[in-house]
Amino acid sequence: MNQPAPELVGTRVVHRRYVPYSHAHYAGNLVDGAYSLALFGDIATEMCIRTDGDEGLFASYSDVQFRAPVRAGDVLEVTAEVVKAGTRSRVLEFAVHVVARGAATAERPGAAEILDPAVVATTATGTVVVPPPA
C-alpha cells in the first residue's frame, strides 16, 4: 500500500471528539494540554494507516502552540495534513478547533452552542516515521 511520497502531500484526516467532564483537570473545567497532544497522536496513527498501511511511530514535534483553552463539554475538530513526505518520514501539521462549547445556565444545565467561527485551541507540527517501502 506504500505510495510514492510526493503524492502524499496534501492528504488530510479529520476527527471530531466530545470532551467529557471526566477529563477536566483544573478550575473552570479546563483540560490539560496533553489532551490535545493525545488527539494528535490518534490522528497521526490514522494518517499513517491511510497513507502507508502501518500505524507508524511519532518521532518528534517541532512546534506546539496552546492558543486557547480546551474545556470539558467542548466539541473538538482535530485535523492533520501531510505537508512534507520523505521515503519513511511524514511531516504533519495539526490543529484542534473548538467547534461547540457547553453554555450551561441554572435554567438550562445542558445548554451548548456552536462556535462560529471555531476557536483555534492548539496547533503543532510533528514528524512520524513509517516502515520502508516494500
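Readers should treat all values here as calculations from the given coordinates under stated rules, not as data from a laboratory. Every value quoted in this text rests on a predicted model; they were computed, and no experiment measured them. Here the Cβ is made from the backbone with ideal geometry for all residues, glycine too, and neighbour counts use every protein chain on show.
Data overview
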{"read-out": "Helix-only CD estimate at 222 nm, as mean residue ellipticity for the chain, using -39500 (n - 2.57) per DSSP H run (n ≥ 4)", "value": "-5000 deg cm²/dmol"}
{"read-out": "Gain on full stretching of the segment that runs from Thr105 to Leu30 - 0.36 nm per residue minus C-alpha separation", "value": "25.2 nm"}
{"read-out": "Ranking of Leu115, Leu39, Leu92 by count of other Cβ atoms within 10 Å, fewest first", "value": "Leu115, Leu39, Leu92"}
{"read-out": "Neighbour-count order for Ser22, Ser60, Ser36, fewest beta carbons within 10 angstrom listed first", "value": "Ser22, Ser60, Ser36"}
{"read-out": "Cα lying deepest toward the dipole's positive end in region 5-129, options Ala59, Val78, Tyr21, charges on Cβ", "value": "Tyr21"}
{"read-out": "Projected label distance in nm at Ser60 and Glu46, using a 7 Å step from Cα toward the beta-carbon", "value": "2.7 nm"}
{"read-out": "Cα gyration tensor category, rounded, prolate or oblate, for the chain with a/c compared to 1.5", "value": "prolate"}
